[in-house]
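Since the structure comes first, as structure tokens, the remarks are kept for the end.
No value in this document is a laboratory result; all are computed from the given coordinates. Predicted model, so just to flag it, every value in this text is computed and none were measured. Reconstructed Cβ throughout: ideal geometry from the backbone, glycine too, with neighbour counts over all protein chains shown.
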Amino acid sequence: MTEQKLDRQPKSTTGKTDTEKSATGKPSTGKPRPEGNPNFLWRSGEMVEWDKATVHLSDLAWSAISAVFEGVRAYWNPESEQLYIFHLEAHLKRLFQSMKIMRMTSSFSKDELTAAFLQLLKANECKGDTYLQPLAYFGGGVPGYMAILEQPGEIVITTRAAASGLDEAKVVHCNVSSWSRITDNVMPPRAKAITNYQNSRYVSTESFINGYDFGIILNPNGKVSEAAYACIFLIRDGVAITPPLNAGILESITREALKDLLAKEMDIQVIERDVDRTELYLADEVFICGTAVEVQSVGSVDRYKVGDGEQGPVVSCLRKLFRDLVRGKDLTRAGWCTPVY
Ligand SMILES: Cc1ncc(COP(=O)(O)O)c(C=O)c1O
């Protein structure tokens with residue numbers, strides 16, 4: 001562990017831009033800086049002060065090769081002053097699955113990790129929408145390309161403020177990427193592995209350069225897989241269609257939740273099947289879903305307008321149902337939400 005003092009970001013930057021705060025003299029990106037760091041993170045059984053949670057520089061990159069993680073949201077309900085973690089159990093199940101694929105064991109049970117989530121959110125006094133990220137990796141300076149069999153991973157959980165976008169209707173514009181989706185026998189997409197995100201990054205960068213919000217990735221069979229870091233649905237003639245689990249997708253927790261809402265609350269048939277690129281152009285509605293993006297309408301694909309280019313009726317209703325559930329306003333699926341306080 002290095003004793004050298006790290007030159008860290010100031011604790012609270014409250015919306016100041018890089019230009020206002022830059023000490024480097026480098027050109028500003030003009031983007032607001034993230035909120036200040038939380039007080040603590042959780043590391044393999046201990047609450048650690050944020051600034052003291054360091055690893056040796058020589059671990060950089062190598063420890064990421066076998067690292068797996070989860071992105072989890074917690075939603076604040078101002079009326080009941082309660083914070084709800086969305087589908088924590090499903091996220092922990094998927095974290096353990098990803099660890100198993102990496103041949104990594106856990107020194108902590110799912111119940112112990114649940115307790116850690118609650119402890120950390122309370123310690124950081126999280127009273128607003130929050131993003132939680134558990135990360136599991138082989139520590140100890142072992143190069144990530146070496147075989148490590150059935151050894152426990154270090155587990156770190158971090159929190160950060162992340163406002164939900166579910167209150168404002170947003171339409172995103174997508175391209176079909178020239179990059180292909182990784183495959184099960186190359187980089188298994190159902191493991192939520194850090195290294196898989198190189199694929200997402202190529203796709204996102206291409207989209208950004210060409211003026212799109214999101215890239216949609218085809219698998220090597222030329223069928224629609226998912227968006228760069230979200231799953232995808234289309235509505236055609238009153239039926240919801242989404243690519244199957246073996247199309248190269250991450251086994252998305254939001255996708256499962258939306259399938260349930262579409263079928264049971266909206267009486268819309270959901271079909272999982274291969275999807276052709278041109279079906280996206282002809283769909284009445286297209287939307288992407290995931291923990292980070294939540295549920296967002298797609299207004300166009302490759303500049304083909306989807307429907308009338310605005311948020312369609314199905315996604316509009318779905319977003320409202322989803323929003324009320326995750327904030328604990330609709331308690332019909334209370335088991336999806338873990339209260340913190
Ligand atoms: C590559 C990828 N696909 C799909 C998803 C959606 O998964 P989930 O709904 O579990 O967040 C994500 C988001 O985490 C993702 O990173």
Among LEU121, ALA247, GLN151, the residue whose Cα sits farthest towards the positive end of the charge dipole of the chain (+1 at Cβ of Lys and Arg, -1 at Cβ of Asp and Glu, taken about the Cα centre) is GLN151
To the nearest 0.05, the calculated FRET efficiency linking TYR304 and TRP50 through their beta-carbon distance, R0 being 56 Å, is 0.75
Within region 100-183, DSSP-loop chymotrypsin sites (Phe, Trp or Tyr not before Pro) with at most 14 other C-beta atoms within 10 Å are TYR145
About its Cα centre, region 176-295 carries a charge dipole, from +1 on Lys and Arg Cβ atoms and -1 on Asp and Glu Cβ atoms, whose size in debye to the nearest 20 is 440
In region 253-335, the trypsin sites (Lys or Arg not before Pro) that sit in a DSSP loop and have at most 11 other Cβ atoms within 10 Å of their own Cβ are ARG273, ARG303
Highest GNM mean-square fluctuation among VAL156, VAL239, VAL275, for the chain with Cα springs under 10 Å, belongs to VAL239
To the nearest 20 debye, region 37-161 has a Cα-centred charge dipole, built from +1 on Lys and Arg Cβ and -1 on Asp and Glu Cβ, of 320
Distance in Å, no decimals, from the C-alpha centre of region 207-272 to the one of region 93-138 is 26
Measuring from its Cα centre, the chain shows a charge dipole (+1 at each Lys and Arg Cβ, -1 at each Asp and Glu Cβ) which, in debye to the nearest 20, is 520
Within the set VAL295, VAL186, VAL171, GNM on the chain using Cα springs under 10 Å gives the largest fluctuation to VAL186
Dividing the helical contributions, -39500 (n - 2.57) per DSSP H run of n ≥ 4, by the residues of the chain yields a 222 nm value, nearest 500 deg cm²/dmol, of -7000 deg cm²/dmol
Stokes-Einstein, Kirkwood over Cα pairs, region 171-326, 25 °C, 0.890 mPa s; D in µm²/s equals 160
Under Stokes-Einstein, the chain at 25 °C and 0.890 mPa s, with its Kirkwood radius over C-alpha pairs, diffuses with a coefficient in µm²/s of 115
Stretched fully, the stretch from ASP184 through TYR341 gains (0.36 nm per residue minus C-alpha distance, one decimal, in nm) 52.5 nm
